[in-house]
Protein chains: 4
Amino acid sequence: MRIGILSAGGDCPGINAAIRGVGKTAIIEYGMEVVGIANGFSGLINLETIPLQEHLLSGILTLGGTILGTSRMKPFRKQEGDPVENKPEAIKMNYEKLGLDALVCIGGNGTQKTAHLLSLEGLNVIGIPKTIDNDVWGTDTTFGFDSAVNIATDAIDRLHSTANSHKRVMVIEVMGHTAGWIALYAGMASGGDIILIPEIEYDMDRVAEVLLERSHKGKAYSIVVVAEGIENPKKKSAGSHIAKQITKMTNLEVRETILGYTQRGGSPSPHDRILATQYGAHAAELIYNRKFGNMVSLQGNDITHIPLSEVGGKVKLVPSNHELIQRGRYMGVSFGEKR
Amino acid sequence: MRIGILSAGGDCPGINAAIRGVGKTAIIEYGMEVVGIANGFSGLINLETIPLQEHLLSGILTLGGTILGTSRMKPFRKQEGDPVENKPEAIKMNYEKLGLDALVCIGGNGTQKTAHLLSLEGLNVIGIPKTIDNDVWGTDTTFGFDSAVNIATDAIDRLHSTANSHKRVMVIEVMGHTAGWIALYAGMASGGDIILIPEIEYDMDRVAEVLLERSHKGKAYSIVVVAEGIENPKKKSAGSHIAKQITKMTNLEVRETILGYTQRGGSPSPHDRILATQYGAHAAELIYNRKFGNMVSLQGNDITHIPLSEVGGKVKLVPSNHELIQRGRYMGVSFGEKR
Amino acid sequence: MRIGILSAGGDCPGINAAIRGVGKTAIIEYGMEVVGIANGFSGLINLETIPLQEHLLSGILTLGGTILGTSRMKPFRKQEGDPVENKPEAIKMNYEKLGLDALVCIGGNGTQKTAHLLSLEGLNVIGIPKTIDNDVWGTDTTFGFDSAVNIATDAIDRLHSTANSHKRVMVIEVMGHTAGWIALYAGMASGGDIILIPEIEYDMDRVAEVLLERSHKGKAYSIVVVAEGIENPKKKSAGSHIAKQITKMTNLEVRETILGYTQRGGSPSPHDRILATQYGAHAAELIYNRKFGNMVSLQGNDITHIPLSEVGGKVKLVPSNHELIQRGRYMGVSFGEKR
Amino acid sequence: MRIGILSAGGDCPGINAAIRGVGKTAIIEYGMEVVGIANGFSGLINLETIPLQEHLLSGILTLGGTILGTSRMKPFRKQEGDPVENKPEAIKMNYEKLGLDALVCIGGNGTQKTAHLLSLEGLNVIGIPKTIDNDVWGTDTTFGFDSAVNIATDAIDRLHSTANSHKRVMVIEVMGHTAGWIALYAGMASGGDIILIPEIEYDMDRVAEVLLERSHKGKAYSIVVVAEGIENPKKKSAGSHIAKQITKMTNLEVRETILGYTQRGGSPSPHDRILATQYGAHAAELIYNRKFGNMVSLQGNDITHIPLSEVGGKVKLVPSNHELIQRGRYMGVSFGEKR
């Protein structure tokens, strides 16, 4: 058998570990051939490949980013400047031309949706979920998330000391367009005082009130962790918006930090390396057993899989009754809700 | 209600987060009083207490070690130099004297066993599992484990570059007296080539053979990760023993590293801070609901609990058919088994 | 003798190490008494003190921020809302009231200027230079700088992998209002391709040209490190300005990151802990020898001192012929100068 | 001109940065050709080369170890199994055969001695000092040292929390066979209580006495930092020896940690990357100006050079009146000297 691997969408720590997981299992355990597709689906349209023999998979476990490159090209959406008229048709042709028996698509929600559509077109497809945002539907966790939480927590840890020295409110914006997983976990791990996530409607008056109460109680400073995707009328930076509002509504000294792209770079955490390795290995197992049309998935402690047809087009949000939110309240954390 | 908290056995990252989790929930959510017991069970015998009001719980989330101190004193084992004749009796008396309605015992297998025995003596006890070794029976994970794996992985990552420069075999011994969890996870996360754990009998001839095969294939170096508890006739350091055997049986240049106590020190990882916080919060919930005689526990994604009577005296070993072992083989890892 | 210590201006890693350095030397070596002044010069005006006995100095070596707090209050500048009419007079009175024989002022350029003016008023003053920006005149290095460079370099290291995956230009703005030391050092340490600092006039056409040349040569991505204080007509964020210009002038995909306050938080680097310790110890030596009116200073390998009269009101910029700039050019780095 | 580069002796963080520094300057600034010699001097004898064009120098700045490999082969010492009868003669022949105009030798004291002898044989040699031990004579600092101090300090930081939890004496052995630089700097940076270095004779009775005094004063724990090269009658591990003696002479609970090879692995610190880059660039400058027979050197703030004839066979020890030792005493640190 001959399998292709590609990574699509935003990059994140652990993609290379997943590529190695698929590749080594396929080659060492099953004697398959493996070929890398460059730059996501656009590489499949333009026939850009990257060799992936066994020795080329050594040493990439710990590397950030993706050795295959990635792109945000969407095969099922017509876009100006498309290299070919009918992109899905081009993909099917090149899948044949490359002699592929299966295609592994590493990516987020968008990529899994495309993977499903390609599956419907008759390709043998396996999806591997990846994103720092942890919002892929159908799996408990994606690799990249633990690494991003580590980076964000480390940054917020640093802000504590400078916030304390200057008696300031520090507002820190972390990634999360649709889902607040990073803000929730990094906020809870770093002792944030207020955590604002897209899934919980916040009340700016309440935010100001909590900060003033803390100040009156003699707390020297406060940490406000904000997901970039919260309601924000200015449509610019959510962190800046919140910081400005606090400044306007209180007499407290406020500073903002936008964490940005550092959250998706660098070497994956050990947890993510292992999760990505297992996802990759299970993807190769699925191919060997010809269980196509599935996305690998973590459910509880089990690495398993779920039909791509169930995944496509959904997003895994933070449930508003998530235990960590309840327990955050026990710790005195406010999620900004109106009382 | 008035509750006591103690930490016993070897320390590990996250104990303070658990103390804060219990304490804040008890105080903020349930209006309880909380008192710290110093130095494990010996503090309960000697009536050494540490105040734990709410403001004293602020800022300890990220601290390594335990603000309560710890000891390895076993109340149900007679030892020379015991401060009192009948230690369990002394504990019961002081539990009364302190006016406690419940006692939270943070510790490993030994501590949970003691907690169970105190429960049988009529005390209202809740156990919280902690250990870097991850070998507490009845829970999927203990806090401290993720932190230890991070530290060990970081160290092995470093060894790769120096191993490669000098074309050496690097043997690294990590913690794990009875169970090989740290060796398995850190070994897999860092791309170890051979991983030796107590649960899998290793064959020294096979270890040497794997290393020579790698060398003949042109691999410049090899990484051997060893749990301290593997079979070791010399009864000194397992890492030294393996390094010496490899030197004797091959012509390869070998160096050893014993990671030691750095694995249990320092600030907990974000994952462990959150797990410990949730364990602590759930312990307070159990007390509020008077569900005594239980140990809090992670099962799949759920923070739940299990009767102490089921936990005591057992150890959670790595199952020899653990998925990560099978997938390690896919990656080309040897576990030293005779072929 | 009885000495006071205060920290003023922006906080930075290492202030606590310096406080410990002064305090332990004064107490252990010279038998002096030491008192902490809270929140910079405003604490001296409001008589807010913090005890600093020997045991309170243990364990602060590694802490970020400042246990004394800090403020930006300027005693010799009239400001609305000033607590007293004549601030310098209030400081002199309280210096007497506290029974001080000397005052140690830890701070940046502004603080050293104030220290000099207080010295002219007859107070026995010693300055200790601190700032992440490394721009204090009269010393080769300030503590805080090495830590900030480490944090910025670590962040830029991370950006490499994500820049590479997406074939992007990453613009990263680091601190440095007046001087480009952090941008120069972190840029050189992390393999930046273009480094823009306030001391070197940049030509936007040249910046775009360098990036296009790199792209044409097949370089997958580029890293642009920008000091916040560079010429920037929009007067908002220098990093955003440069990112927008590049987007406008090239067809390259560009992303920006503003590092912000994480650069001044967290535990000091070992280098900064040692430098701060030595600065603190030397400050106590100077007091013992009644060499008042000086700022401690690193000159080559020597911890020495320089009259405050020579320091006040000056800023240490990056000389445009600095060896590291020349050697940066050897490495292929562009500083954006017109050709 | 055509130049060769080799790295010899123990590896350390920053060698790749130095190789890049030499190579880019030589290629970009001076239009020279550059060739890598594999595995130190043995590669020069066996004619093993590694290409070093400009694009191969990209991306190695941050890599630990050495892409050229290294060996401890000493050309001027007869050894069994030597590949050729007359090694210096073979080196001269291959230097001609490779068409070299100059040879850059990156290494420690032994390598610089060899470099000097090759210089006397008529080769155009430039030395670049490297070692984590910081003991190369003729330069203020070597790259690798700052990185090693960072790693050791980070490890000792971790030990504080576990030492405190268990009220233990922690003995930590760091590298330094002949010189105590790492122990002195990491010990001072991490708040060590006793620091033992080869340059200062220690008295075991005094060590025990200091620890007991600390215990009697109520200090919960103590940290003892030991250089591996201190006087040690058992000739095994210095750290184990000291730990055993303390156990024998006091009733304190003692644990030992031997840091080992993790100190020389991993990515170089920003400081070391910059120092190595500058050393490399200056080496290329010296070649261009035909100033052969020199070792590059840091003196105060200047990157300069010193004749190899002055360097060979000497070691830079910690002077017993080093300012940091005196200031360590101010901080309450004992160096174990008899009183």
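For D:Val225, only one of the following conditions fails: (1) within 24 Å of the chain's Cα centre (by Cα); (2) β-branched (Val, Ile, Thr); (3) over 30 Å from B:Ala17 (Cβ atoms). What is its number?
Failing condition for D:Val225: (3).
Within region B:136-152, which residues are more than 7 Å from every other protein chain (Cβ to nearest Cβ) and surrounded by 24 or more Cβ atoms within 10 Å (Cβ to Cβ)? Before the answer, list the steps.
Taking region B:136-152 first, the residues more than 7 Å from every other protein chain (Cβ to nearest Cβ) are B:136-139, B:141-145, B:147-148, B:151-152.
B:Val136, B:Thr139, B:Thr142, B:Phe143, B:Gly144, B:Phe145, B:Ser147, B:Ala148, B:Ile151, B:Ala152 - these are the residues of region B:136-152 that are more than 7 Å from every other protein chain (Cβ to nearest Cβ) and surrounded by 24 or more Cβ atoms within 10 Å (Cβ to Cβ).
Quick one: would you say C:Thr66 is over 30 Å from D:Leu61 (Cα atoms), in contact (Cβ under 8 Å) with a residue 12 or more places away in the chain and of a type in the set (Ser, Thr, Tyr)? Working first, answer last.
Values: over 30 Å from D:Leu61 (Cα atoms): yes; in contact (Cβ under 8 Å) with a residue 12 or more places away in the chain: yes; of a type in the set (Ser, Thr, Tyr): yes.
It is true that C:Thr66 is over 30 Å from D:Leu61 (Cα atoms), in contact (Cβ under 8 Å) with a residue 12 or more places away in the chain and of a type in the set (Ser, Thr, Tyr).
For a quick check of your reading of the model, give me the residue pairs whose first member lies in region C:159-177 and is over 15 Å from C:Asp193 (Cα atoms), whose second is among the hydroxyl-bearing types (Ser, Thr, Tyr), with beta-carbon atoms closer than 6 Å and at least 6 apart or on different chains.
Close Cβ pairs (under 6 Å, with a partner that is among the hydroxyl-bearing types (Ser, Thr, Tyr)) amount to C:Thr162/A:Tyr261; C:Ser165/A:Thr66; C:Ser165/A:Thr70.
If we keep just the residues of region C:297-339 that are of a type in the set (A, V, I, L, M) and under 18 Å from D:Glu29 (Cα atoms), which is farthest from the other protein chains (Cβ to nearest Cβ)? If you could, list the steps in order and put the result at the bottom.
Filtering region C:297-339 down to residues of a type in the set (A, V, I, L, M) leaves C:298, C:303, C:306, C:308, C:311, C:315, C:317-318, C:324-325, C:331, C:333.
Adding the requirement that they be under 18 Å from D:Glu29 (Cα atoms) leaves C:324-325, C:331, C:333.
On the way: C:Leu324: 7, C:Ile325: 11, C:Met331: 5, C:Val333: 10 Å.
Of everything passing the filter in region C:297-339, C:Ile325 is farthest from the other protein chains (Cβ to nearest Cβ).
Which of the numbered conditions does B:Lys130 fail, given that it passes all the others? Conditions: (1) open to solvent by less than 20 Å² (accessible area, probe 1.4 Å); (2) of a type in the set (D, E, K, R); (3) free of Cβ contacts under 8 Å to residues at least 24 places away in the same chain.
(3)
For (1) in contact with a strand residue (DSSP E or B) (Cβ under 7 Å, 6 or more places away or on another chain); (2) modelled with pLDDT of 95 or more; (3) within 30 Å of A:Ile325 (Cβ to Cβ), each residue gets a yes or a no:
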position	(1), (2), (3)
B:Lys219	no, no, no
B:Ile223	yes, yes, no
B:Leu252	yes, yes, no
B:Gly260	yes, no, no
B:Asp272	yes, yes, yes
B:Gln299	no, yes, yes
B:Asn321	no, no, no
B:Ile325	no, yes, no
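(1) touching a residue at least 40 places away in the same chain (Cβ under 8 Å); (2) open to solvent by 20 Å² or more (accessible area, probe 1.4 Å): which one isn't true of B:Lys236, the others all being true?
Among (1) touching a residue at least 40 places away in the same chain (Cβ under 8 Å); (2) open to solvent by 20 Å² or more (accessible area, probe 1.4 Å), B:Lys236 violates only (1).
Considering A:Lys78, A:Lys97, which residue is away from every other protein chain (no Cβ under 12 Å), modelled with pLDDT under 95 and over 25 Å from A:Gly144 (Cβ atoms)? Full working, then the answer.
Details: A:Lys97 fails: modelled with pLDDT under 95.
The unique qualifying residue is A:Lys78.
Give just the number: which of (1) out of contact with any strand residue (DSSP E or B) (no Cβ under 8 Å at 6 or more places or on another chain); (2) in the same structural domain as C:Asn39 (by TED's automatic domain parsing); (3) on the phi > 0 side of the Ramachandran plot does C:Gly99 not satisfy?
(1)
Quick one: in region A:105-127, which of the residues that are within 13 Å of the chain's Cα centre (by Cα) and open to solvent by 20 Å² or more (accessible area, probe 1.4 Å) is farthest from A:Gly191 (Cα to Cα)?
Across region A:105-127, the extreme among qualifying residues is A:Gly110.
Of all residues in region C:41-63, which are within 28 Å of C:Gly312 (Cα to Cα) and in contact (Cβ under 8 Å) with a residue 24 or more places away in the chain?
Within region C:41-63, C:Phe41, C:Ser42, C:Gly43, C:Leu44, C:Ile45, C:Asn46, C:Leu47, C:Thr49 qualify.
Does D:Asn289 fit the bill of being at negative phi, modelled with pLDDT under 95, of a type outside the set (A, V, I, L, M) and open to solvent by 10 Å² or more (accessible area, probe 1.4 Å)? Spell out how you get there, then give the answer.
On the way: at negative phi: yes; modelled with pLDDT under 95: no; of a type outside the set (A, V, I, L, M): yes; open to solvent by 10 Å² or more (accessible area, probe 1.4 Å): yes.
Taking the combined requirement at face value, the residue does not satisfy it.
Taking C:Gly99, is it crowded, with 19+ Cβ neighbours inside 10 Å and either among the aliphatic types (A, V, I, L, M) or touching a residue at least 24 places away in the same chain (Cβ under 8 Å) (or both)? If you could, list the steps in order and put the result at the bottom.
Working: crowded, with 19+ Cβ neighbours inside 10 Å: no; either among the aliphatic types (A, V, I, L, M) or touching a residue at least 24 places away in the same chain (Cβ under 8 Å) (or both): yes.
Considered against the rule, which asks whether it is crowded, with 19+ Cβ neighbours inside 10 Å and either among the aliphatic types (A, V, I, L, M) or touching a residue at least 24 places away in the same chain (Cβ under 8 Å) (or both), C:Gly99 comes out as no.
Within region B:246-254, can one find any residue that is within 14 Å of chain D (Cβ to nearest Cβ), open to solvent by 10 Å² or more (accessible area, probe 1.4 Å) and within 30 Å of D:Thr153 (Cβ to Cβ)? Spell out how you get there, then give the answer.
Taking region B:246-254 and keeping what is within 14 Å of chain D (Cβ to nearest Cβ), we get B:251, B:253-254.
Of the ones still in play, those that are also open to solvent by 10 Å² or more (accessible area, probe 1.4 Å) are B:251, B:253-254.
Okay, now just the ones that are also within 30 Å of D:Thr153 (Cβ to Cβ), so B:253-254.
Yes, region B:246-254 contains a residue that is within 14 Å of chain D (Cβ to nearest Cβ), open to solvent by 10 Å² or more (accessible area, probe 1.4 Å) and within 30 Å of D:Thr153 (Cβ to Cβ).
For D:Thr257, only one of the following conditions fails: (1) of a type in the set (Ser, Thr, Tyr); (2) more than 20 Å from D:Ser147 (Cα to Cα); (3) open to solvent by less than 40 Å² (accessible area, probe 1.4 Å). What is its number?
Going through the list (1) of a type in the set (Ser, Thr, Tyr); (2) more than 20 Å from D:Ser147 (Cα to Cα); (3) open to solvent by less than 40 Å² (accessible area, probe 1.4 Å), D:Thr257 breaks only (2).
Can you name the number of the only condition in (1) open to solvent by less than 30 Å² (accessible area, probe 1.4 Å); (2) at pLDDT 95 or above; (3) under 27 Å from C:Lys167 (Cβ atoms); (4) touching a Ser or Thr at 6+ places or on another chain (Cβ under 7 Å) that A:Thr277 fails?
(4)
Take B:Lys24 and tell me if it is out of contact with any Pro (no Cβ under 9 Å at 6 or more places or on another chain), open to solvent by 10 Å² or more (accessible area, probe 1.4 Å), under 25 Å from B:Thr141 (Cβ atoms) and away from chain D (no Cβ under 12 Å).
The answer is yes for B:Lys24.
The values are calculated or read from the model by the stated rules, or taken from the named source; none is laboratory data. Bear in mind that the values here come from a model prediction, so they are computed numbers and not experimental data. Positions of Cβ are backbone-derived with ideal geometry, glycine not excepted, and every protein chain shown enters the neighbour counts. Each accessible area value is taken on the protein alone, full model and side chains, heavy atoms only, with ligands, DNA and RNA left out. Shrake-Rupley method; radii C 1.70, N 1.55, O 1.52, S 1.80 Å.
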